[in-house]
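One structure below.
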Amino acid sequence: MDIETYIRDIQDFPKEGIVFKDITPLLSNKDAFAKAQNTLRGLIPNDIEIDKVVGIEARGFFFGPLLARQLNAGFVPVRKPNKLPHTTISQEYALEYGTDVLEIHKDAIQPGDKVLLHDDILATGGTAQAVVQLIETLGGTVVQCNFLIQLGFLNGKEKLPNIPVASAITY
Ligand code: AMP
């Protein structure tokens, strides 16, 4: 079974010119869901120790906690502004038009933590780059950036130099 067939393209969502990769058919099919999870786990070398998995709101929350359980690691959510209740640090990053901000709890990463960053899609790389900055500001080391999908033609990898980037599917 090919998990790619459970990802559908939605034209012009959320705005004109964007082809949105909708992963909800994959999540709702038990076999595709299981295969995607196992594929993501298989991307992570067995010989690296991981203390925390950081997942990015919102679609990084589907597989991030599952990976954390498989790795016997903790899970840390990175969220949009004013969602996390305790003391946070924030990072602004550029979007196609304008900027956005992501936040993490200051005490969620300890200096020296080895961190796996997970999100559903690597597109231009701006989002992942901002989250790497948050993790590194708190003294963590990102050992892999892990994605279900990588839009290779957008070269997001270039924004994540010196960090291994892995994805289950590359377009
Ligand atoms: P970027 O910062 O450009 O790498 O964008 C990554 C973030 O935007 C991820 O959190 C994705 O969920 C979302 N994203 C970007 N492009 C798409 C797309 N074509 N379809 C669905 N989500 C996308």
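Taken together, the values in this text are just the output of simple stated rules run on the coordinates, not laboratory data. Being a predicted model, the structure only gives us computed values, none of them experimental. Neighbour counts are summed over all protein chains in view; Cβ atoms, including those assigned to glycine, are modelled from backbone coordinates with ideal geometry.
Is it the case, given these coordinates, that I48 is in contact (Cβ under 8 Å) with a residue 24 or more places away in the chain, over 20 Å from D22 (Cα atoms) and of a type in the set (V, I, T)? Criteria met by I48. If you go through region 140-147 one residue at a time, do you hit one that is in contact with a Cys (Cβ under 6 Å, 6 or more places away or on another chain) and assigned to a strand (DSSP E or B)? Within region 140-147, none of the residues are in contact with a Cys (Cβ under 6 Å, 6 or more places away or on another chain) and assigned to a strand (DSSP E or B).
Note on region 97-131: among residues that are closer than 18 Å to P164 by Cβ and more than 12 Å from the ligand (Cβ to nearest atom), the one that is surrounded by the fewest Cβ atoms within 10 Å (Cβ to Cβ) is K114. Looking at region 28-66, which of its residues are part of a loop (DSSP other than H, G, I, E, B) and of a type in the set (S, T, N, Q)? Hits for region 28-66 are N29, N46. Within region 67-110, being in contact with a His (Cβ under 8 Å, 6 or more places away or on another chain), among the polar types (S, T, N, Q) and assigned to a loop (DSSP other than H, G, I, E, B) holds for one residue alone: T87. Scanning region 15-30 finds one or more residues that are surrounded by 12 or more Cβ atoms within 10 Å (Cβ to Cβ), of a type in the set (A, V, I, L, M, F, W, C) and in contact with a helix residue (DSSP H, G or I) (Cβ under 6 Å, 6 or more places away or on another chain).
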